[in-house]
Amino acid sequence: QVQLVESGGGVVQPGGSLTLSCAASVSDHMYSFNNMAWYRQAPGKQRELVAQIRYNDNTNYGDFVKGRFTISKTDAADTLYLQMNNLNLGVPAVFYCKAMYEYGFRLSRHKFWGQGTQVTGAS
């Protein structure tokens, strides 16, 4: 199995910065990494993609990011980061880490989610 644990959430001042981390632990060596991503979810809203990074380090970002965030990972893909700058959160949001792995010789795809970490804008 794969376990994901996010950290780094908290209260951020308007225009401030925050870095989120997601630690991945893989207990089955038959899993191979494909991609990881950050999603955010505000109360009453659907979960939306913030940023994604693939095994080849290609990245893509949600339209609302507008160059303010940077997603990165360790070479071993055991930790995922999201550096967020110029944050202006009107409402709190929970940021989730998602990882996609391929399993075994058939490369079946499996998706895993972390529990989330909350980011709140200071009033």
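The values are calculated or read from the model by the stated rules, or taken from the named source; none is laboratory data. Everything numeric here is computed off the predicted structure, so don't read it as measured data. We place every Cβ from the backbone using ideal geometry, glycine too, and count neighbours over all the protein chains shown. What goes into the accessible areas is simple: the full protein's heavy atoms, side chains included, and nothing from ligands, DNA or RNA. Shrake-Rupley method; radii C 1.70, N 1.55, O 1.52, S 1.80 Å.
Ranking 122, 83, 94 by Cα position along the charge dipole of region 43-123, where only Lys, Arg, Asp and Glu carry charges on their C-beta atoms, puts 94 farthest toward the positive end. A Förster radius of 25 Å combined with the Cβ-Cβ distance from residue 55 to residue 88 puts the calculated FRET efficiency at roughly 0.15. Each residue of region 47-123 gets 115 Å³ once the volume of the Cα convex hull is shared out per residue. Centre-to-centre, using Cα atoms only, region 71-85 and region 1-43 are separated by 8 Å. Of the solvent-accessible surface of region 1-83, computed with a 1.4 Å probe and all protein chains present, 46% belongs to carbon and sulfur. For the chain, the relative contact order works out to 36 percent when only alpha carbon pairs closer than 8 Å and six or more residues apart are counted. Computed from backbone phi, the HN-Hα couplings of region 66-71 come to 6, x, 8, 10, 9, 9 Hz, rounded to whole numbers (Karplus: 6.51 cos²θ - 1.76 cosθ + 1.60, θ = phi - 60°; Gly and Pro given as x). Calculated FRET efficiency, residue 17 to residue 111, Cβ-Cβ distance, R0 = 22 Å: about 0.15 to the nearest 0.05. In the context of the full set of protein chains, residues of the chain present 56 Å² of accessible surface per residue (probe radius 1.4 Å, heavy atoms only).
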